[in-house]
Structures are given as C-alpha cells and as structure tokens.
1. Could you identify the single residue in Thr108, Thr121, Thr114 that is at pLDDT below 50, over 30 Å from Gly235 (Cβ atoms) and in contact with a Phe, Trp or Tyr (Cβ under 8 Å, 6 or more places away or on another chain)?
2. Only one of Leu213, Leu231 is farther than 27 Å from Leu88 by Cα, assigned by TED's automatic domain parsing to the domain that holds Val187, among the hydrophobic types (A, V, I, L, M, F, W, C) and touching a Ser or Thr at 6+ places or on another chain (Cβ under 8 Å). Can you tell me which?
3. Within segment 205-214, is there a residue that is among the β-branched types (Val, Ile, Thr), at pLDDT 95 or above and within 27 Å of the chain's Cα centre (by Cα)?
4. Look at segment 179-196 and say how many of its residues are in a strand (DSSP E or B), in contact with a helix residue (DSSP H, G or I) (Cβ under 7 Å, 6 or more places away or on another chain) and surrounded by 23 or more Cβ atoms within 10 Å (Cβ to Cβ).
5. Here's a check for you: in segment 151-191, which residue that is more than 11 Å from His259 (Cβ to Cβ) and basic (Lys, Arg) is modelled with the highest pLDDT?
6. Filter segment 205-221 down to the residues that are in contact with a strand residue (DSSP E or B) (Cβ under 6 Å, 6 or more places away or on another chain) and either under 17 Å from Thr254 (Cα atoms) or touching a residue at least 24 places away in the same chain (Cβ under 8 Å) (or both) and list them by number.
7. Going through segment 238-272 one residue at a time, which ones are farther than 19 Å from Arg145 by Cβ and in a loop (DSSP other than H, G, I, E, B)?
8. Ala265 - would you say it is at pLDDT below 95 and either of a type in the set (A, V, I, L, M, F, W, C) or in contact with a Pro (Cβ under 8 Å, 6 or more places away or on another chain) (or both)?
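The values are calculated or read from the model by the stated rules, or taken from the named source; none is laboratory data. As the structure is a prediction and not an experimental result, all values here were calculated from the model. Positions of Cβ are generated from backbone atoms using ideal geometry, with glycine treated the same way; all protein chains shown enter the neighbour counts.
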Amino acid sequence: MRGGAGGGRRVTIVVHTDGDLDSKQFRIPLRAFVAGKWAAGIVALLVLLFFAFAGPIGWRAIEYYRLRREVARLEAENSRVQQLAAALNRAEANYQELRQILGGRGTTGPAGGTARSGGRTSDPPAAQTMRAVAVRARLPLDEPRYAEGRSLPAHWPLDIKGFVTRGQVRPDTPNEAHPGLDIAVPVGTPVRASGGGSVEAAGTDADYGLFVLLRHPDGYETMYGHASRLLVREGEDVPAGQVIALSGNTGRSTAPHLHFEIRRAGRSLDPLTLVQEGH
C-alpha cells in the first residue's frame, strides 16, 4: 500500500495477527523499501556465489584429507609387503641352499618363484608329471634285500640317505615334537615300502598332501606323506621294497621332502628304533 502525503511517497505494511481486532501498520519510505529490496537481492546473489565457488573448494579439501589417509594406509601396507618379501627371499635362499646340498635345482613356478597357494607351498606343474622309477639290478648270487609277503617295517623307505630335517622329540629339544621323520630329498625320488603289507589308505590330506598308509603285521602302520605321485591303490598288497610313491612337496610343506612315520596301536614310534639300514 502506498501513500503520498507531503513527506513523499511511502510504503505501508499492514500486519494483522489472527484473533486480534487491531492491525499494526508500518510506513516505510519508498526509497528505503526499494533499497532494502535490492540489498536483499544482492545478499541472496552473494550467498549463491559463495556456495557456487566455495562448495567445490570444500569438497576438494575433504577429498584431500581422504587421500592423505589412503596414502598413509598404502604406505603401511607397502612396508608390510616389503617385510614379507624380505622374509620370503630369506626362505627361498635357504631352500635353494638345501637343494644344492641335495644335488638338485630348486623348482620354480611360472614367474620364477616357488609356487605357493593360500599360505601353503604347492608343486609346480613339472613336479606333478610322472617320472621314471630307477631300476637297480642285482647279481644272481646276491641275497634278496627284502623279505617276501607281509613283514614289519624295518627298511629305509628311500634308495638314498636324504637329509633328516625334523625328527622325534628329544630331551634337548622338548618343544620340537614331531611324529616320524621329515627327510629332504628331490622331487620324484622313489619311495619304497618299509615293510610288506596292504594299502590301508591312499589319497590326499590337507596336511600330508598325497599320502600312502600301509598296514603291517602286529598292529604296525607306516605313513608316507607329501608325495608328488601315488603308485598304489587302496586295498592293494605290497611287498617290502616296492615303490609305492614318488616324493614331492604337496600338502602342508615348505620344501620337497618325505614324511615317514611308523605307528603301532595308534601311537607314533621313532622310526630309527626299527629301521636299521640306509640312515
């Protein structure tokens, strides 16, 4: 509402509250009203410009701090990876040194490193291929090395001595209890039955990998683990000295070796107390 009395043109603003009989009127000079309107418009425009320019800057600041946290996390992970790589290199160097002691070369995966899966070491494809078993002839007058039929486990399961890396618990090493013997030998070494008996089980185990379990007389059993190839089947009768498997690196294993164990009535025995040859 506008009025035009001698004081100049004015704008009248009427404010009426619900329930009241009277209304309040505010008379503002026209110039002041126009100036206020323009000022409000300029303020609104400035607010819009502020959010238009300051908004992207704020988002960039937030992204900057997020990227800094991500970089810190990646640096920590990279440090951990370097530590693991150094530990792996040390283990690989020890493994290669052991293979040199055994007279063979280290097996490698497709990228030149030892093949590993899920924390466990697994054989590369070359280690899974069938290898020829050595045939050794004996003179006609030589006494037979192995007895025929079922017999107690009394023979070393390998044609070579190998390198025993773990053994039965001893008084000087009470914290290193381990059933049986771990004998480091190259992949593909023939594994022979320590005594005559029947194949109680032959297959794959999470810990022993490819294994053969033989049952002998008087409650004796022998276990042969971590093989690369099995040459007998469950239920088969085998005489002492028969090649039943080829050594390997399957199951829970960190380097090629044979796990050789002798049991009686479910109790693991020290193989060196029964086996009197080859070690």
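1. Answer to the check: Thr114.
2. Leu213
3. Looking for residues that are among the β-branched types (Val, Ile, Thr), at pLDDT 95 or above and within 27 Å of the chain's Cα centre (by Cα), one finds at least one in segment 205-214, hence yes.
4. 1
5. Lys161
6. Listed by number, the residues that qualify are Asp205, Tyr208, Gly209, Leu210, Phe211, Val212, Leu214, His216, Gly219, Tyr220, Glu221.
7. Asn249, Thr250, Gly251, Arg252, Ser253, Thr254, Ala255, Pro256, Ala265, Gly266, Asp270
8. It is true that Ala265 is at pLDDT below 95 and either of a type in the set (A, V, I, L, M, F, W, C) or in contact with a Pro (Cβ under 8 Å, 6 or more places away or on another chain) (or both).
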